[in-house]
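Reviewing the structure listed below.
Each reported figure results from applying straightforward, stated rules to the coordinates on display, with no laboratory input. Please read all numbers here as calculations on a predicted model, not as lab measurements. When we count neighbours, we look across all protein chains shown, and the Cβ atoms used for this are built from the backbone with ideal geometry, even at glycine.
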Amino acid sequence: MDKVDCIVVGAGVVGLAVARKLALAGREVLVIDVNPAIGMETSSRNSEVIHAGLYYATGSLKARLCVTGRSALYAYCEERAIAHRRCGKLIVATSNAQRDRLAAIHALALANGCTEVVALTASQAQALEPALSCAAALSSPMTGIIDSHAFMLALQGDAENAGALFAFNSRVTGGRADANGILLQVRTDSNDEVEIEADTVINCAGLHAVQIAGLIDGLDRRTIPQAYFAKGNYYSLACRAPFSHLVYPVPESGGLGVHLTLDLAGQARFGPDVEWIEGADGSIDYTVDPRRADKFYSAIRTYWPELPDASLQPAYAGVRPKISPPDAPAADFLITSHRNPHYLGLYGIESPGLTAALAIADHVIDSIKPAP
């Protein structure tokens with residue numbers, strides 16, 4: 001039987017940030033991931049936006065870790081020359097009926113410490129973006145975009161340079177938790193079944209985090225959440241968009257609405273929408289249905305009326321690992337030990353998980369038992 005100090009399950013952006021933090025603290029770290037490389041699921045199938053922290057309940061983990069994480073992320077990108085741009089974002093009310101909702105978002109942003117967010121009249125917003133149609137807007141200058149894969153590669157490099165080891169194509173198939181540690185059963189890339197004993201296991205498995213917690217005997221199952229999965233489809237724009245800022249409508253149930261984001265080359269894409277799906281067992285269909293574009297056109301034209309016909313092309317899709325069901329308020333990040341000092345599970349780490357990754361890693365280090 002192999003023994004290690006810390007096992008991190010999941011090599012997405014949060015797992016990589018946690019592994020890096022542990023390794024830099026001198027801990028022995030093994031990262032296990034079912035995929036053949038880093039960041040192959042939610043971490044590489046998103047909008048690549050650095051969020052400011054506007055939307056989340058004041059005092060929640062999402063709000064606190066997003067605001068702390070955005071500053072840490074910008075500093076890390078500058079230090080490591082990771083491609084990013086602080087382009088800013090406009091959140092728009094597309095009708096007078098949405099003004100109250102926009103004002104509520106502004107109040108929440110200020111309460112969360114996003115004091116840089118300012119209200120704009122329609123004419124002020126259109127002075128920034130002449131093609132925009134709106135009744136009012138908020139400006140969020142701390143919002144930006146990032147090369148998420150370059151960020152993950154930097155995290156992996158830091159972790160490996162500090163001694164962390166990675167085991168890809170490795171699936172957790174079972175486990176046992178007791179007062180002395182955690183024993184995991186793992187099926188390796190050669191289809192061997194091995195057992196690994198760890199003093200600390202940190203479950204950062206994203207879409208599979210709830211499932212993996214359920215495989216480990218000895219955790220308090222009453223505290224393991226229910227998993228839900230929301231697919232988000234993206235469409236790219238065939239022509240050049242006349243925008244330099246990101247443009248977001250007021251949020252909708254399950255997501256932030258069909259928004260306009262830009263990549264670092266200036267190419268526009270729209271999404272994600274919200275499509276609730278069953279399960280995340282490796283059989284997720286990431287195909288983008290071209291027929292869903294019909295709803296995109298109508299949503300986008302509420303703030304960009306001149307969107308050309310036939311200009312949206314299916315791009316890619318991602319899945320949000322949720323712990324709140326359809327039509328329920330979005331749950332906060334859940335980071336819990338299930339009453340075992342050797343385990344920490346991270347659940348519902350959807351947006352703003354990318355932005356908050358470095359702050360989440362700090363929070364994890366503060367939440368686990370010290371090295372033996």
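Between beta-carbons, use under 12 Å as the cut-off and find the net charge around Asn35, counting Lys and Arg +1, Asp and Glu -1.
Details: positive: Arg171; negative: Asp33, Glu41, Asp189.
In short, -2.
Grab the DSSP H runs of the chain that are 4 residues or longer, score each as -39,500 (n - 2.57), total them, divide by all residues and round the 222 nm result to the nearest 500 deg cm²/dmol. Don't jump to the answer; show the numbers that get you there.
Details: 8 runs with 96 residues, N = 372.
Theoretical 222 nm ellipticity from helices: -8000 deg cm²/dmol.
Of the residues Asp309, Asp332, Asp100, which exhibits the maximal mean-square fluctuation in a Gaussian network model of the chain defined by a 10 Å Cα contact cut-off?
Asp309
What are the lysines whose alpha-carbon lies under 18 Å from the alpha-carbon of Lys3, with same-chain residues fewer than 8 places away excluded?
Lys369
Could you put Met152, Met142 in order, starting from the residue whose Cβ has the fewest other Cβ atoms within 10 Å?
Details: Met152 24, Met142 20.
Going from least to most buried by this count: Met142, Met152.
Over the chain, what is the relative contact order in whole percent, taking alpha-carbon pairs under 8 Å and six or more residues apart?
Details: 860 pairs, mean separation 92.2, N = 372.
About 25 percent, as a whole number.
For region 203-312, compute the orientation-averaged projected area of the C-alpha convex hull (one quarter of its surface), in nm². Could the numbers behind the result be given before it?
On the way: hull surface 35.8 nm².
Here the figure is 9.0 nm², rounded to one decimal.
Against the longest alpha carbon principal axis of the chain, how many degrees, from 0 to 90 and to the nearest 10, is the axis of helix 99-111 turned?
Once rounded, the angle reads 40 degrees.
So if I take the centroid of the Cα atoms in region 78-150 and the same for region 200-217, what is the distance between those two points in Å?
35
Explain nothing, just compute: Karplus ³J(HN,Hα) = 6.51 cos²θ - 1.76 cosθ + 1.60, θ = phi - 60°, for every residue of region 2-9 in order, whole Hz, x for Gly and Pro.
7, 10, 9, 6, 10, 10, 10, 9
On a 0 to 90° scale, report how tilted helix 353-367 is relative to the longest principal axis of the chain, with both axes built from alpha carbons and the result rounded to the nearest 10.
On a 0 to 90 degree scale, this one is about 40.
Nothing charged except the Cβ atoms of Lys and Arg (+1) and of Asp and Glu (-1): what's the magnitude of the dipole of the chain about its Cα centre? Round to the nearest 20 debye.
Working: 30 positive and 39 negative charges, 197 e Å.
The calculation lands at about 940 debye.
Enter the angle in degrees (range 0 to 90, nearest 10) between the Cα long axis of helix 61-80 and the first principal axis of the Cα atoms of the chain, meaning the one along which they spread out most.
90
Sorted from largest down, give the three principal axis spans of the alpha carbons of region 157-227, whole angstrom values.
38, 28, 27 Å, listed from the longest principal axis down.
Longer than 25 Å from Cα to Cα, which of Lys231/Lys295; Lys62/Lys89; Lys295/Lys322; Lys21/Lys231 are they? Say none if no pair is.
Numbers: Lys231/Lys295 15 Å; Lys62/Lys89 19 Å; Lys295/Lys322 23 Å; Lys21/Lys231 30 Å.
Result: Lys21/Lys231 exceed 25 Å.
Give me the number: length gained by fully extending Ser311 to Thr287, i.e. 0.36 nm times residue separation minus the C-alpha to C-alpha distance, one decimal in nm. Before the final figure, lay out the partial values.
On the way: separation 24, 0.36 × 24 = 8.64 nm, distance 1.86 nm.
Taking Ser311 through Thr287 to full extension adds about 6.8 nm, to one decimal.
Give the label of the value calculated from the structure for Cα extents along the principal axes in Å, choosing from (1) 66, 40, 40; (2) 94, 44, 34; (3) 71, 45, 38.
Recomputing Cα extents along the principal axes in Å here gives the entry labelled (1).
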